[in-house]
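The values are calculated or read from the model by the stated rules, or taken from the named source; none is laboratory data. Please read all numbers here as calculations on a predicted model, not as lab measurements. For neighbour counting, all protein chains shown are included, and Cβ atoms are generated from backbone atoms with ideal geometry for every residue, glycine included. Each accessible area value is taken on the protein alone, full model and side chains, heavy atoms only, with ligands, DNA and RNA left out. Shrake-Rupley method; radii C 1.70, N 1.55, O 1.52, S 1.80 Å.
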Amino acid sequence: MAIADGAGSACCSAEGAVVAVQTGLSSLAVALASGDGGISMECTIRQAFAHTAVSLAELAGRTPERSIGDYATTLSLVVLSADQIGIGQIGDGAVVAATADGAFRTLTRDSRGEYLNETHFVTEPQYGTELYVAVEPAAAITGIVAMTDGMEILAVNHSDNTPHHPFFTPLLRFVRSEAAAEAELAAFLASERVCARTDDDKTLVIAVRLE
């Protein structure tokens with residue numbers, strides 16, 4: 001799973017976000033398909049971020065009048081296996097896990113800055129100092145929700161980085177239902193009650209384990 005949000009102040013950030021997602025997913029897919037048990041999940045995730053940074057630098061290098069900062073974007077990566085979950089994050093946004101006991105837990109750190117829209121990007125020269133990577137057991141996880149910061153405002157309490165349960169409970173119930181469809185989710189994100197609370201990018205990626 002990959003999710004990215006281009007910087008509003010960077011002229012080519014939308015393209016940067018697309019390249020970040022594509023490169024991150026491609027790197028993870030190649031590493032996981034190789035089946036090399038000698039490489040840890042943490043190393044696999046860090047390697048995916050390194051590949052992404054290189055891809056964005058190469059993208060900027062192909063256009064003389066552009067700098068890598070013009071493609072500034074956040075990036076979050078998630079790898080979920082039968083027994084482990086790995087998280088990588090640079091910038092804002094959040095990844096929340098649902099567990100078998102009906103609880104929710106934020107797996108990412110709160111990386112929102114002191115000021116609105118202040119964050120870090122994978123295009124920064126020293127992005128590695130801000131990169132957050134965590135790996136933990138996943139047997140009890142029944143659902144994952146990854147989101148950009150526009151949804152984080154609604155879904156995660158800024159004071160203690162805890163999930164807002166009334167947001168996630170009906171959302172995962174819907175995703176597990178036969179009526180679940182991307183169009184319905186898009187309509188929810190575009191609804192007046194959601195747009196009244198956030199005018200930032202509203203992206204959600206949801207995965208659930210089915211019985």
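Applying 0.36 nm per residue to the separation of Thr63 and Asp160 and subtracting their alpha-carbon distance, the gain on full extension is 30.7 nm.
A Förster radius of 45 Å combined with the Cβ-Cβ distance from Ala179 to Ser40 puts the calculated FRET efficiency at roughly 0.70.
If I compute solvent accessible area with a 1.4 Å probe over the protein chains, what percent of it on the chain is carbon and sulfur? Here carbon and sulfur together make up 54 percent of the probe-accessible area. Amide H contacts of Thr142: Ala98, Thr99, Ala100, each under 5 Å away and 5 or more positions distant or on a separate chain (H built 1.01 Å from N in the peptide plane; Pro and chain starts excluded).
Structure remark: mean-square fluctuation, Gaussian network model of the chain, C-alpha springs under 10 Å; the largest value among Ser13, Ser81, Ser27 belongs to Ser81. Relative contact order of segment 46-177, taken over Cα pairs closer than 8 Å and 6 or more residues apart, is 26 percent.
Dividing the summed -39500 (n - 2.57) terms of all DSSP H runs of n ≥ 4 by the residue count of the chain sets its mean residue ellipticity at 222 nm at -11000 deg cm²/dmol. Rounded to the nearest 20 debye, the dipole size of the chain about its Cα centre is 320 debye, using +1 on the Cβ of Lys and Arg and -1 on the Cβ of Asp and Glu. Using the 1.4 Å probe convention, the accessible area of segment 133-178 works out to 44 Å² per residue with neighbouring protein chains retained.
Could you tell me which of rounded, prolate or oblate describes the chain, using a ≥ b ≥ c as the square roots of the eigenvalues of the alpha-carbon gyration tensor, with rounded for a/c under 1.5 and, failing that, prolate when a/b is larger than b/c and oblate otherwise? It is oblate, given that a/c is not under 1.5 and a/b is not larger than b/c. Could you pull out which residues in segment 135-149 have an amide N less than 20 Å from a spot 7 Å beyond the Cα of Ser81, following the Cα-Cβ vector? Counting only backbone N, you get 135-144. Fully extending the segment from Arg109 to Ala134 would add 8.0 nm, taking 0.36 nm per residue of separation and subtracting the current Cα-Cα distance.
Using a Gaussian network model of the chain in which every pair of alpha carbons under 10 angstrom is joined by a spring, one finds that among Ala94, Ala14, Ala180 the greatest mean-square fluctuation is at Ala180.
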